[in-house]
Amino acid sequence: MPQKQDGFLAVRRLRSGKKPELYITVSKGIIRRAVDRNVLKRRIRSILSPLLKQSGLSYKVMVRSKKILSVSFHNMEEEIKKQLNTNG
């Protein structure tokens with residue numbers, strides 16, 4: 001599946017064999033403080049965990065830009081849902 005290259009994150013739906021899993025990558029080169037990286041991971045996990053349970057699929061999320069730190073939870077949720085709809 002193609003990944004969206006613009007924006008502050010990239011979301012990819014993966015076919016899961018056994019159980020649904022969530023892979024979140026926040027590079028130390030993009031976001032230096034561990035506290036900020038962990039907050040982002042918790043936000044992304046809370047957005048995608050209902051989808052994991054209902055779909056049975058795995059997801060891979062890569063944070064691509066520092067701009068994500070200034071994005072509200074609601075806007076982050078909308079961006080993730082938009083990317084999942086465009087990626088199939």
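What follows is calculated from the coordinates using simple rules that are stated; it is not laboratory data. It should be emphasised that the depicted structure is a prediction, and the values quoted were computed from it without experimental measurement. Quick reminder, even Gly has a Cβ in these numbers, built from the backbone with ideal geometry, and neighbours come from all protein chains shown.
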### With Cα atoms, 0 to 90° folded angle of helix 34-55 axis to the chain main axis
20 degrees
### Summary
Those GluC sites (Glu not before Pro) from region 11-88 that are DSSP loop and have at most 16 other Cβ neighbours within 10 Å turn out to be Glu21
#### Entry: Only Lys, Arg (+1) and Asp, Glu (-1) charged, at Cβ; the chain dipole about Cα centre in debye
340 debye
### Query
So who's got an amide H within less than 5 Å of the one on Arg64, skipping anything under 5 residues away but keeping other chains? H placed 1.01 Å off N, in plane.
Leu9, Ala10
#### Entry: Which of Leu69, Leu57, Ala34, positive extreme of dipole for region 9-86 (C-beta unit charges)
Ala34
### Query
When DSSP assigns beta bridges and you keep just the ones with both residues in the chain, what percent turn out antiparallel, to the nearest 5?
60 percent
### Query
If you look at just the Cα atoms of the chain, how large are its Rg and its Dmax in Å?
12.5, 36
